[in-house]
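See below for the structure under consideration.
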Amino acid sequence: MKKRAAFSQGTSLFEEISPNRTCPEAYIMTHWCPCQTFDVVDVNSSESVNASQAIVDDINYKLESYGGMCEILEIAEILDSEWAKLMICSYSI
């Protein structure tokens, strides 16, 4: 008989699930965890402008491989800016 592979995540249906289980313990990614919170950042701050520009630069870099078929993207306006707070999740799921 073949030996089953051990899984590093998941819980058996036959085991009790702790009522105090946290998102990391349940292998829920940070951006899906209900205890993730964000701080609003001024859209004109250097952090917002630099982060936005880095994203646009990365997209433009990826579009270069299409041999000039795509327009070079530029930031017209930053409408909203938020930073995820360092999360220490204590939310029970």
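List of remarks:
- Applying a threshold of 8 Å to beta carbon distances and a minimum spacing of six or more residues, or different chains, the list of pairs starting in region 27-53 at a residue that is part of a loop (DSSP other than H, G, I, E, B) and modelled with pLDDT under 90 and ending at one that is surrounded by fewer than 13 Cβ atoms within 10 Å (Cβ to Cβ) and small (G, A, S) reads Y27/G10; C35/S90; Q36/A84; T37/A84.
- In the set (1) at pLDDT 75 or above; (2) of a type in the set (K, R); (3) out of contact with any Ser or Thr (no Cβ under 8 Å at 6 or more places or on another chain), the condition left unmet by R21 is number (3).
- Here D80 does not fit the description of being in contact with a strand residue (DSSP E or B) (Cβ under 6 Å, 6 or more places away or on another chain) and either outside any strand (DSSP E or B) or surrounded by fewer than 10 Cβ atoms within 10 Å (Cβ to Cβ) (or both).
The values are calculated or read from the model by the stated rules, or taken from the named source; none is laboratory data. Just so you know, these numbers come straight off a predicted model, no measurement behind them. Using ideal geometry, Cβ is built from the backbone for each residue, glycine included, and neighbour counts are taken over all protein chains shown.
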